[in-house]
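For reference, the structure is listed below as structure tokens.
The values are calculated or read from the model by the stated rules, or taken from the named source; none is laboratory data. Source: prediction; values computed, not measured. Glycine gets a Cβ as well: all are built from the backbone with ideal geometry, and neighbour counts include every protein chain shown. Note: areas computed on protein heavy atoms with side chains; ligands, DNA, RNA excluded. Shrake-Rupley method; radii C 1.70, N 1.55, O 1.52, S 1.80 Å.
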Amino acid sequence: NADGITDFDGGGHLDIEDNVIDTTTENAGIDLGSDQASSVIRNTLINISPLAAGIDLTSKSGQNPSTGTIIRDNIVQSRGGTPIALTGGGCNCTATPAENTNNMLSTGATSPNFNGVPSLVAGTPPLSSHDGYLLARTSPGHLGGDDGTDVGIFAIGNVSYGPQ
């Protein structure tokens, strides 16, 4: 797919949680232009292109800026691009999320987000299962979520590992 998850041009009130997006395309992992009050929580985005943002809240020309989005406890690893894009786009405006916290980014993090490279329980992506993208206990982001559990996805299969 060109993008992982999208909702362009003024959508909103979406609940985007517990997804793995491992992509090598040149487009965003999660693209929510002109978003209104969606939740982007506990996702793991890996291999995002240097030409794209991991989570993109910028808007097209003529559209309103994104507002009220919750961006929390995600892992966003880009290959040189912008992990979370809040400024620019065709409208040349700035998104104002309600929260942007406890996200582990590949680069450019400012508190309360943090930089880190995840160590995954099943090794190096691409992996064959959702739960393979859980953090190892020795990884940055282990117990780094806003609730004291790991950032990134929750286990859906083998619950003997995953957020602790």
**Residue satisfying condition, being within 23 Å of residue 108 (Cα to Cα) and either at pLDDT below 95 or aromatic (Phe, Trp, Tyr) (or both), within set 1, 47, 43** = 47
**Asked** So residue 109 fits all but one of (1) in a loop (DSSP other than H, G, I, E, B); (2) open to solvent by less than 60 Å² (accessible area, probe 1.4 Å); (3) closer than 24 Å to residue 8 by Cβ; what number is the exception?
**Response** (3)
**Message:** Here is a check on your reading of the model: is residue 7 of a type in the set (Asp, Glu) and open to solvent by less than 10 Å² (accessible area, probe 1.4 Å)?
**Reply:** no
**Prompt:** Does region 10-17 contain any residue that is under 11 Å from the mean Cα position of the chain (by Cα) and touching a residue at least 24 places away in the same chain (Cβ under 8 Å)?
**Reply:** yes
**Message:** Condition first: under 18 Å from residue 19 (Cβ atoms) and open to solvent by less than 20 Å² (accessible area, probe 1.4 Å). Now tell me which residues in region 121-147 satisfy that.
**Reply:** 131, 132, 133, 134, 135, 141, 145
**Request:** Considering only region 70-90, state which residues are open to solvent by 30 Å² or more (accessible area, probe 1.4 Å) and either farther than 21 Å from residue 115 by Cβ or assigned to a strand (DSSP E or B) (or both).
**Result:** 70, 72, 82, 87, 89, 90
